[in-house]
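The structure under discussion appears below in the form of structure tokens.
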Protein chains: 2
Amino acid sequence: MSSMIYESDLSARGRIVAAALGLFAAGGFRATTVRAIAAEAGVSAGLVVHHFGSKEGLRRECDERVLRFIVEKGESDAPAEVLAGAANPFGPYLARMLYETGSSTDALFDALLATARDAVELGIKSGTMRKSDDVDAQAAALVTLGVAPFFLAHQLARWAGGDALGGISRIAEPIADIYARGLLLGQSRGGAGQ
Amino acid sequence: MSSMIYESDLSARGRIVAAALGLFAAGGFRATTVRAIAAEAGVSAGLVVHHFGSKEGLRRECDERVLRFIVEKGESDAPAEVLAGAANPFGPYLARMLYETGSSTDALFDALLATARDAVELGIKSGTMRKSDDVDAQAAALVTLGVAPFFLAHQLARWAGGDALGGISRIAEPIADIYARGLLLGQSRGGAGQ
DNA sequence: TAGGATACTGAACATGAGTTCAATGATCTA
DNA sequence: TAGATCATTGAACTCATGTTCAGTATCCTA
């Protein structure tokens with residue numbers, strides 16, 4: 001639908017990847033048919049499998065493309081920037097793909113985790129982030145909460161009156177507030193579990 | 001797989017619902033086949049459609065069952081208890097079903113939202129929760145963050161060394177900490193967006 | 001007990017979707 | 001330019017899966 005992420009036009013192979021990236025993000029891997037991808041890219045279904053071996057192969061290519069984006073960005077930018085930059089264009093894709101398990105997606109999650117861990121360590125060291133007993137767990141929590149809105153994109157869109165981006169941006173403020181100041185008041189430290 | 005949620009044994013109809021509840025929670029709606037449900041319940045595939053009309057009908061039944069659980073519990077217990085009680089046995093199911101859009105699932109999300117809103121209002125009134133400009137958005141954020149760990153159950157399980165519950169419980173602590181005290185330090189109020 | 005409704009099965013049917021394949025067109029190379 | 005490699009298509013194949021259906025057993029009711 002309309003403009004696709006990455007590459008402006010390019011070869012048929014490039015168009016297929018772009019179409020897959022968009023359709024996977026919109027509807028998930030399983031729900032997206034090879035024929036739909038082919039149609040979106042303006043090619044035949046046979047060509048898709050010719051280039052990528054199988055639908056799963058195409059998924060691997062897409063995953064690697066997103067992974068490379070994160071890794072390369074991680075070599076130059078600050079971890080927090082990387083996470084924000086990955087969530088921005090690839091948020092829906094990441095949510096869909098991390099949900100529907102697939103071997104190639106594991107690397108994606110690990111990359112996000114590593115980046116988040118860097119961000120947490122840097123944040124603690126520089127004093128902008130609260131110190132934690134379990135840095136790994138904190139990083140995992142960060143990733144989990146970070147992609148959460150994209151999981152519920154459909155429901156949030158309905159809640160916000162049909163606008164997909166509107167729902168996510170509307171809950172962004174209270175979420176940011178929770179990050180900044182917490183949600184619960186009172187001195188009780190225990191009992192908040194579960 | 002072993003003991004199922006709700007109803008101990010019961011009729012074939014009850015076993016089908018129990019099996020569906022479990023398999024939908026484990027693998028999602030689309031990925032779960034009618035034959036798998038039938039096998040789990042020890043009946044034929046034909047019986048499933050005989051009782052529920054279609055796979056979609058069975059889903060509706062499951063959704064309504066979970067919805068009823070939440071609503072009924074909401075009439076007696078405190079909202080916060082309801083949310084915790086719903087997340088406990090039905091967390092994986094809710095995550096899967098809210099993700100894969102279906103008309104009957106909309107009611108589920110709305111019920112969660114309403115309950116969360118009650119919880120927020122009560123929390124603010126009783127002084128245990130920070131006041132918010134947009135109570136609805138805060139409720140939506142609460143639901144979103146609440147089910148988030150279940151979306152990533154698979155990845156978190158891998159991260160925690162294969163144990164599904166282990167992963168979720170391990171990030172529960174940093175998440176609870178974020179709720180209690182926030183994550184970010186410093187006086188800057190802006191710039192945390194995105 | 002007779003009869004109908006309901007529960008239930010196993011096989012068959014229809015369809016959607018991933019994949020294969022032979023054939024054609026395009027492009028590059030010696 | 002001739003041959004070869006690659007890109008591309010459209011139809012056909014295969015398989016999984018939701019659904020239908022005719023038939024059988026079980027149970028309730030009058």
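The values are calculated or read from the model by the stated rules, or taken from the named source; none is laboratory data. Keep in mind that this is a model prediction, so the values were computed, not measured. Neighbour counts are summed over all protein chains in view; Cβ atoms, including those assigned to glycine, are modelled from backbone coordinates with ideal geometry.
Odds and ends about this structure:
- Tallying residues that are more than 9 Å from every other protein chain (Cβ to nearest Cβ), exposed (fewer than 14 other Cβ atoms within 10 Å of the Cβ) and at pLDDT below 85 within region B:154-194 yields 4.
- Some residue of region A:68-79 being crowded, with 18+ Cβ neighbours inside 10 Å, in a helix (DSSP H, G or I) and within 12 Å of another protein chain (Cβ to nearest Cβ): no
- Within region A:4-25, the set of residues being at pLDDT 95 or above, of a type outside the set (Gly, Ala, Ser) and either in contact with a Pro (Cβ under 6 Å, 6 or more places away or on another chain) or within 14 Å of DNA strand D (Cβ to nearest atom) (or both) comprises A:ARG13, A:ARG15, A:ILE16, A:VAL17.
- B:ALA116 vs. criteria surrounded by 19 or more Cβ atoms within 10 Å (Cβ to Cβ), facing chain A (nearest Cβ under 8 Å), at negative phi and not acidic (Asp, Glu): no
- Qualifying residue in region B:92-102 (condition: surrounded by fewer than 22 Cβ atoms within 10 Å (Cβ to Cβ), part of a helix (DSSP H, G or I) and not aromatic (Phe, Trp, Tyr)): no
- Subset of region A:44-67 [free of Cβ contacts under 8 Å to residues at least 12 places away in the same chain and assigned to a helix (DSSP H, G or I)]: A:ALA45, A:GLY46, A:HIS50, A:GLY57
- Hey, A:PHE150 within 7 Å of chain B (Cβ to nearest Cβ) and either in a helix (DSSP H, G or I) or within 27 Å of B:ARG96 (Cα to Cα) (or both) or not: no
- Some residue of region B:80-99 being among the basic types (Lys, Arg) and modelled with pLDDT of 95 or more: no
- Among the residues of region B:125-134, not a single one is out of contact with any Asp or Glu (no Cβ under 7 Å at 6 or more places or on another chain), of a type in the set (S, T, N, Q), in a helix (DSSP H, G or I) and closer than 23 Å to A:THR144 by Cβ.
- Restricting region A:26-56 to residues that are within 17 Å of B:ARG30 (Cβ to Cβ) and touching a Lys or Arg at 6+ places or on another chain (Cβ under 7 Å), the residue that is nearest to DNA strand C (Cβ to nearest atom): A:VAL34
- Taken over region B:31-43, the criterion of being within 14 Å of another protein chain (Cβ to nearest Cβ) and either near DNA strand D (Cβ under 7 Å from one of its atoms) or in contact (Cβ under 8 Å) with a residue 12 or more places away in the chain (or both) is satisfied by B:THR32, B:THR33.
- Single match in A:GLY57, A:GLY28, A:GLY46 (criterion: within 14 Å of chain B (Cβ to nearest Cβ) and within 16 Å of DNA strand D (Cβ to nearest atom)): A:GLY28
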